[in-house]
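> Quick one: structure below, then a few questions.
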Amino acid sequence: MFPPPLIGWIVAAAGTALALAGAFWAARRSAVSRSLVPARVTRVTGDGVARVEVAGSTGGSDAVLDRAVPGLIEGDTVMVRPRAGHPATYGPCPRPWNAYWLGLLCYGLVLIALGGTAALIQDTGDERPLFIPFIGVVLLLGPFLMAGKVAGLVGFARNATRTSGHIVGYRRHPHVRVNELPASMPRIEYTFGGATRRAWSRAAYMSSLFTGKRVAVWVGDRSPADIMTVGTLVYSTGVISLVCGYFGALFLVGVLLL
């Protein structure tokens, strides 16, 4: 059992850690963005590995991408990042789909404000359990991370070119699961730069029954093979985050300030 002022200081310390993590993440993203250079695709092998021409490359103008990027064709321009210790190798660097750093930063500032307010409340001698507000800290993180996800999607769309396409297939999503079953990633056929292309969207779908469905496609500014479609899990995750946020606020604010 702890007095409310001490719990407030602990929550404020947790908020400081989250805010610093968000600021560091943002600085890292900014450094990566500044290190990108444009490269023109000169050849694509049968396994999807592209050779590129990079202006001002220390290892010569001819280089290779360190991983295959399905959907690239000769003449495309992509933004790449040099790989340390490998002067003739570059890594493709698509624009992130999320801004989780923003969610962490904002949530950290909220916890600092809440914890600082609770720490300044006069100690009345009553004591409260520490685990209850920390349940609130964990649950309330959900909506902030969801807001960061949405901010990242909006940022991607603002820097991308919108076109249309249709779903031609699916594959198992490597990370997202729904009811213990893997979600699906759609393969999209779309037209961009005067060519018909096929590429995998990183969106997650709860169903793979929509083959042939027409969808809006946002083609990334860093690579014409980096595409975004809006999957159904965005909405379901948003609902879950709002529910978690509601109960998190009750646990955290209720214990700290009431």
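The values are calculated or read from the model by the stated rules, or taken from the named source; none is laboratory data. Being a predicted model, the structure only gives us computed values, none of them experimental. Here the Cβ positions follow ideal geometry from the backbone for every residue, glycine too, while neighbour counts run over all protein chains shown. Ligands, DNA and RNA are stripped out before the accessible areas are found, and what is left, the full protein with its side chains, is counted by its heavy atoms. Shrake-Rupley method; radii C 1.70, N 1.55, O 1.52, S 1.80 Å.
> Based on the Cβ-Cβ distance of Ile73 and Trp9, what FRET efficiency does E = 1/(1 + (r/R0)^6) give at R0 = 41 Å, to the nearest 0.05?
0.10
> How large is the accessible surface per residue of region 38-92, computed with a 1.4 Å probe and reported in Å² as a whole number?
That works out to 52 Å² per residue.
> Further question: So what J values fall out for region 14-22 if you push phi through Karplus, 6.51 cos²θ - 1.76 cosθ + 1.60 with θ = phi - 60°, rounded to Hz, Gly and Pro as x?
So the Karplus estimates, Gly and Pro as x, are 4, x, 4, 4, 5, 5, 5, 4, x Hz.
> Modelling each spin label as a point 7 Å along the Cα-to-Cβ direction, I'd like the Met206/Val239 distance in nm, to one decimal.
0.6
> Label-point separation (nm) for Lys213 and Ile121, each offset 7 Å from Cα along Cα-to-Cβ?
The modelled label-to-label distance comes out at 4.7 nm.
> Hey, another quick one. Which whole-Hz couplings ³J(HN,Hα) result when phi for each residue of region 184-191 is put into the Karplus expression 6.51 cos²θ - 1.76 cosθ + 1.60, θ = phi - 60°, listed in order with x for Gly and Pro?
10, 10, x, 9, 10, 9, 8, 10
> Taking the Cβ of Arg51 as the centre, find all other residues whose Cβ is under 14 Å away and add up their charges (Lys, Arg: +1; Asp, Glu: -1).
Its environment carries a net charge of -3.
> Between Arg128 and Thr196, 0.36 nm times their residue separation minus their Cα-Cα distance comes to what?
Working it through step by step, the gained length comes to 18.2 nm.
> Rank by packing, highest mean first: peptides 27-33, 199-205, 37-43, with packing defined as the count of other Cβ atoms within 10 Å averaged across residues.
Per-residue Cβ counts within 10 Å, averaged per peptide and sorted highest first, yield 199-205, 37-43, 27-33.
> With a 1.4 Å probe and every protein chain kept in, tell me what percent of the accessible surface of the chain is carbon plus sulfur.
64
> Measure nothing but the geometry: give the 0 to 90° angle between the long axis through the Cα atoms of 233-257 and the longest principal axis through the Cα atoms of the chain, rounded to 10°.
Roughly 20 degrees, rounded to the nearest 10.
> Same structure, new question: Cβ neighbours within 10 Å, averaged per peptide: list 83-91, 128-136 in order, most packed at the top.
128-136, 83-91
> Mind checking the log10 I(q)/I(0) for region 137-198 at q = 0.17, 0.19, 0.25 Å⁻¹? Debye, one equal scatterer per Cα, no solvent, two decimals.
Treating every Cα as an identical point scatterer, log10 I(q)/I(0) equals -0.89, -1.00, -1.08.
> If you add up the charges near Asp62, with Lys and Arg at +1 and Asp and Glu at -1, over every other residue whose beta carbon is less than 12 angstrom from its beta carbon, what do you get?
Net charge in that neighbourhood comes out at +2.
> As a test of the formula, what do you get for the chain when each DSSP H run with n ≥ 4 contributes -39,500 (n - 2.57) and the sum is divided by the residue count, at 222 nm and rounded to the nearest 500 deg cm²/dmol?
Computed mean residue ellipticity for the chain: -14500 deg cm²/dmol.
> What does the charge count around Trp218 come to, taking other residues whose C-beta lies under 14 Å from its C-beta (Lys +1, Arg +1, Asp -1, Glu -1)?
My count for the surroundings of Trp218 gives +4.
> Please give the residues of region 86-129, grouped as numeric ranges, whose backbone N is less than 18 Å from a label point set 7 Å along the Cα-to-Cβ vector of Glu53.
The answer is 88-90.
> Take the Cα coordinates of the chain, assign each an equal point scatterer, and use the Debye formula without solvent to give log10 I(q)/I(0) at q = 0.08, 0.14 Å⁻¹.
Summing over Cα pairs of the chain leads to -0.45, -0.99.
> Check Gly165: other-chain or 5+ apart residues with amide H under 5 Å from its amide H, H built from backbone geometry?
Distant-sequence amide H within range of Gly165: Val215, Val217.
> Show log10 I(q)/I(0) for region 38-92 at q = 0.14, 0.17, 0.23 Å⁻¹, two decimals, from a solvent-free Debye sum over equal Cα scatterers.
At q = 0.14, 0.17, 0.23 Å⁻¹ the computed log10 ratios are -0.28, -0.42, -0.77.
> Another one. Return the long-range amide H neighbours of Arg95 (sequence gap of 5 or more, or a different chain), with a cut-off of under 5 Å between placed amide H atoms.
Those lying under 5 Å, H to H, from Arg95 are Arg222.
> Please get the size of the charge dipole for the chain, origin at its Cα centre, with Cβ charges of +1 on Lys and Arg and -1 on Asp and Glu, quoted in debye to the nearest 20.
It comes to approximately 860 debye.
> Suppose we look only past 21 Å in the calculated P(r) of region 106-241. What percent of the Cα-Cα pairs does that tail hold?
56
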